[in-house]
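Please treat every number below as a calculation from the coordinates, not as lab data. Fair warning: this is a prediction, and the values are worked out from it, not measured in the lab. Backbone-built Cβ (ideal geometry, glycine too); neighbour counts: all protein chains shown.
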Amino acid sequence: MTKSQKKARMACIVEKLKELYPEALCALEWEGEPWKLLIMGRLSAQCTDARVNLVCRELFAAYPSPEALAEAEVTEIEHYIRSCGLYHVKAQNTKDACAMLVNDFGGVLPDTMEDLLKIPGVGRKVANLLLGDVYHKGGTVADTHCIRICGRFGMYPESLKDPVKVERIMDELIEPEERSDFCHRVVQFGRDVCTARSPKCRTCPLSELCEHAKKV
């Protein structure tokens, strides 16, 4: 497909996903508080959103503000987030991120990629999530669902797993105002239909728009 053909296909896919999932909701329950999404986005690495939600209910009950987490002992944070995996690094990142948020940014989440990437534990995926959900101006959140599914759609080789390359490719194919909601919807689609193993291609409502489905 040419680039223009890919853009046209993605426009159709975006609209189809809107029909399937009218509400494009973030799976992380951040309750409209940006600092919570910052922490939850970091904890979600190699961990399910459901687990992060469960863990953070207790974590945020014990530490109800970024100031409280910035002042907490790392070992105390580890106690709450142990089941998220990589808890030593994540706990230190959580403390350091909250300290930077409070001390360097006046407690207000930055609204640029450049500043977000200064925060410990924040990479482009989390930064785009934050920019999209908080400020409605993010790029493509190239998580495992997005990488897998957009490859299957035919936007790039399915063997491509580089999140930065996927982000750049998809940013050129999806309109800026659609990217954030598309990424939330594609996560749900990936859980329901286009699973990592044994995707439901024969009953998939997007099969006519998918290169992978044509091979099945």
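Give the relative contact order (percent, whole number) for region 111-216; include only Cα pairs under 8 Å separated by 6+ residues. Before the final figure, lay out the partial values.
Working: 119 pairs, mean separation 25.1, N = 106.
About 24 percent, as a whole number.
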Subject >> In range of the label at Glu208: residues from region 167-197 whose backbone nitrogen is under 20 Å from the point 7 Å along Cα→Cβ >> reply: 193-194
**OP:** Please tell me the relative contact order of the chain in percent, rounded to the nearest whole number, where contacts are Cα pairs under 8 Å and at least six residues apart.
**Re:** 21
Original post:
Roughly what angle does helix 144-153 make with the longest principal axis of the chain, taking Cα atoms, 0 to 90 degrees, to the nearest 10?
Top reply: 10
Original post:
So what J values fall out for region 8-23 if you push phi through Karplus, 6.51 cos²θ - 1.76 cosθ + 1.60 with θ = phi - 60°, rounded to Hz, Gly and Pro as x?
Top reply: 5, 5, 5, 4, 5, 5, 4, 5, 5, 5, 5, 5, 6, 10, x, 9
**OP:** Pull up the cross-link candidates among the lysines for Lys215, meaning alpha carbon to alpha carbon under 16 Å and not fewer than 8 places away within one chain.
**Re:** Lys200
Original post:
Hey, which lysines would be in cross-link range of Lys125, C-alpha to C-alpha under 17 Å, not counting anything within fewer than 8 residues on its own chain?
Top reply: Lys36, Lys90, Lys137, Lys161, Lys165
Original post:
How far is it, in nm, from the label point at Val89 to the one at Asp104 when both lie 7 Å from their Cα along the line to the Cβ?
Top reply: 1.9
Subject >> Dipole of region 34-123, positive end: most advanced residue of His88, Cys98, Thr112 [Cβ charges, Cα centre] >> reply: His88
Original post:
How many angstrom separate the Cα center of region 184-216 from the Cα center of region 20-43?
Top reply: 24
Original post:
Remind me, relative contact order of region 1-124 in percent, using alpha carbon pairs under 8 angstrom and six or more residues apart?
Top reply: 21
Original post:
Which residue, chosen from Leu69, Thr195, Val55, occupies the Cα position most advanced towards the positive end of the dipole of the chain, where the dipole is computed from +1 (Lys, Arg) and -1 (Asp, Glu) charges on Cβ about the Cα centre?
Top reply: Thr195
**OP:** Work out the length of the dipole vector of region 34-123 about its Cα centre, built from +1 on the beta-carbon of each Lys and Arg and -1 on the beta-carbon of each Asp and Glu, and round it to the nearest 20 debye.
**Re:** 360
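State the dimensionless ratio Rg/Rh of the chain (Rg: radius of gyration of Cα atoms; Rh: Kirkwood radius). Walk me through the numbers on the way to the answer.
Details: Rg = 18.1 Å, Rh = 18.1 Å.
Rounded to two decimals, Rg/Rh equals 1.00.
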Subject >> Pairs of alpha carbons in region 34-123 whose separation is greater than 22 Å (percent) >> reply: 17
**OP:** Take His212, His136, His145 and order them by how many other Cβ atoms sit within 10 Å, fewest up front.
**Re:** His136, His212, His145
Subject >> Set of region 183-216 residues, backbone N closer than 19 Å to the point 7 Å along the Cα-Cβ line of Cys12 >> reply: 186, 194, 201-216
Subject >> Ascending count of other beta-carbon atoms within 10 Å, so fewest first, for Thr203, Thr195 >> reply: Thr203, Thr195
**OP:** Calculate how steeply helix 49-62 sits against the longest principal axis of the alpha-carbon atoms of the chain, using the helix alpha-carbon long axis, and give the answer as 0 to 90 degrees to the nearest 10.
**Re:** 20
Original post:
Out of Trp30, Ile13, Leu130, whose Cα points farthest toward the positive end of the dipole of the chain (charges: +1 Lys, Arg; -1 Asp, Glu; placed on Cβ)?
Top reply: Ile13
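Only four residue types carry charge here, +1 at the Cβ of Lys and Arg and -1 at the Cβ of Asp and Glu. Report the dipole size of the chain about the Cα centre in Debye, rounded to the nearest 20.
Values: 30 positive and 32 negative charges, 284 e Å.
It works out to roughly 1360 debye.
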